[in-house]
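Working notes, structure below.
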Amino acid sequence: MKTVFASTFQDDAVVVKSLLESAGIEAEILVDGMLDVNPLFVMDMKGAQVLVADAQAEDALSIVEDFRKNKSQSHAD
């Protein structure tokens, strides 16, 4: 498994996982936090990581790059 995305905020990891799964890439979120309390708004200093199978990492990284570009553009507006 390879980490293709990491964020301090769980909600970004959930969005990336959803995008990957929509593209047929199985993904997992790894966190050391209190996700059961409020999974969308938990901030963990260690962050949330999205992992995919090694064989799908290249395709996943392309999707993650698009997500980051779109997110930065939406904050610039």
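The values are calculated or read from the model by the stated rules, or taken from the named source; none is laboratory data. This structure is a prediction, so every number in the text was calculated from the model and none was measured. All Cβ positions, even for glycine, are placed from backbone atoms using ideal geometry, and neighbour counts span all protein chains on display. Side chains are part of the model used for accessible areas, which takes the heavy atoms of the whole protein and leaves out ligands, DNA and RNA. Shrake-Rupley method; radii C 1.70, N 1.55, O 1.52, S 1.80 Å.
Before moving on, here are some points about what is shown:
- Of all the residues in the range 43-77, those that are over 17 Å from S18 (Cβ atoms), open to solvent by 80 Å² or more (accessible area, probe 1.4 Å) and at pLDDT 95 or above number 3.
- Selection count, the range 4-42, where residues are within 22 Å of N70 (Cα to Cα), open to solvent by 70 Å² or more (accessible area, probe 1.4 Å) and at pLDDT below 95: 3
- Pairs meeting the criteria (first residue in the range 47-67 and farther than 17 Å from Q10 by Cα, second residue assigned to a helix (DSSP H, G or I) and open to solvent by less than 60 Å² (accessible area, probe 1.4 Å), beta carbons under 7 Å, at least 6 apart or on different chains) are A60/L20; I63/L20.
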